[in-house]
Amino acid sequence: MVAVIHQSTSLRNILNYNEQKVKAGIACCLEAGYYPVDAADLNFHQKLRRLEMLAELNQRTKHNSVHISLNFDPSEKLPDDLLREISEVYLEKIGFAGQPYLLYKHTDAGHPHLHIVTTNIKPDGKAIHLHKLGKLKSEPARKEIEIFYGLIKAEESKLQRAYQLKPVNAARVLYGKSETKRAIGNVLQAVLPQYKYASLAELNAVLKQYNIVADRGEESSRMFRHRGLVYRVLDEQGNKVGVPIKASLFFKETTLTSIEGQFERNKLAKDDPKVKLRLKNAIDLYFLGKDKNLNGLVAALKTQGVDVVLRRNAEGVVYGVTYVDHQSKCVFNGSALGKAYSANATRERCLSMGAGEGKKQNGEAEKMRVGGHANGGAARNFSPDFVAGDGKNTASLGLIEVLLDTGGAHEAMDWELKRTKKKKKKLRLSAG
């Protein structure tokens, strides 16, 4: 079982998302927990009002809405009564015992899954803390439930593949607004609250991995002047297709104002040196070998959970590079990692390691490798007091920078390697 928790500021949007699925015939409301009547006897406004009454008791808490999905392995065919029981047990274990909730069973994916709509505001007005809820409570809870009910564990690769967020299929959304809106909404709900982006361009670097783009239009357009924003689907060539959907038609967090409000907060999260160091090391490790190129870099980083977005001009020359780290959920422009990771520097590193590079000096260089002091000959004696790095902090350096740091080695250089300039003898011409 895989449990995913999303927090929001709009109960209406979360409820509307699930109710639209019910109207489309691809979901049903299984349970109205801690409601006075059964789910079948409630309309949309009654379902919403029960949760809003609690949310209104606390005006200080920014996020008062919780949307949880419980995902099961495709091979598991669980009866509705068991799904209701598992959901209630899960809520109790994560600290939501007694909170009213709505339970929906969705059938629009290749694996069975549930959606839970609730609020984190309790009847006494206090808020249930959501910080690290997934790590501290949800993970232990789902593991206990897997063992108790004999469910397939989330670590099973089959289940992980089943729930993996997939790019929007452009061919499926070309023929109607409702299908386009649903496909885009699913991606936005997963990407916007999780990834750390500090500009619209960085957000689009993530969205493009799922064939979506947030578009403000041309700078001279009316939409741009009035701070409008639409979302569009991209085909395999990156062309915009289908019907553009206004951000205001999705949940509140999709609008330009809301997205821009995240930029400053995300910058703080992206400043973590450990996050940058992991990414820089992955890039540097690729360039340790020979015959490197941009396509090889993209493929190598993808195996590390990093997508590389290259921006090219009309001539096809790369002028920008953005890294999307799906492990840390951070997005970085190359220059933000350091000068050595900018688009120009990365392109030069690839060119300098082209085919045949390093073979231009086969003569003397080959002799030095065979008998020179660099291979640890007997005459190579470093000072025992030598310390690489000269005490500098290497935590913020990339792997290549650390390996190439001379660390003051020139001060301990052998006297044999020091070359003295010999005076040239002057040629004297005799008179006569």
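The values are calculated or read from the model by the stated rules, or taken from the named source; none is laboratory data. Everything numeric here is computed off the predicted structure, so don't read it as measured data. For neighbour counting, all protein chains shown are included, and Cβ atoms are generated from backbone atoms with ideal geometry for every residue, glycine included. SASA here: full protein model, heavy atoms, side chains in, ligands and nucleic acids out. Shrake-Rupley method; radii C 1.70, N 1.55, O 1.52, S 1.80 Å.
Modelled label positions at residue 143 and residue 257, each set 7 Å beyond Cα in the direction of Cβ, lie 4.4 nm from each other.
The apolar share of the surface of segment 40-127, taken as the fraction of accessible area on carbon and sulfur atoms (1.4 Å probe, ligands and nucleic acids excluded), comes to 49 percent.
The residues of segment 177-299 expose, per residue, 51 Å² of accessible area to a 1.4 Å probe.
So which GluC sites (Glu not before Pro) in segment 203-265 pass both tests, a DSSP loop state and at most 14 other Cβ atoms within 10 Å of the Cβ?
Values: sites: 218, 219, 236, 253, 260, 264; in loops: 218, 219, 236.
Here the sparse-neighbourhood loop sites are 218, 219, 236.
For segment 36-126, the per residue solvent-accessible surface stands at 46 Å², with DNA, RNA and ligands left out and a 1.4 Å probe.
Computed over neighbours whose Cβ is under 9 Å from that of residue 112, the net charge equals 0, Lys and Arg +1, Asp and Glu -1.
With a cap of 15 neighbouring Cβ atoms within 10 Å, and only residues DSSP puts in a loop, list the chymotrypsin sites (Phe, Trp or Tyr not before Pro) found in segment 34-113.
Details: sites: 34, 44, 72, 90, 96, 101, 104; in loops: 34, 72, 96.
Of the chymotrypsin sites (Phe, Trp or Tyr not before Pro), the ones in loops of segment 34-113 whose Cβ has at most 15 other Cβ atoms within 10 Å are 34.
One equal scatterer on each Cα of segment 97-146, no solvent, Debye formula: the resulting log10 I(q)/I(0) at q = 0.28 Å⁻¹ is -1.13.
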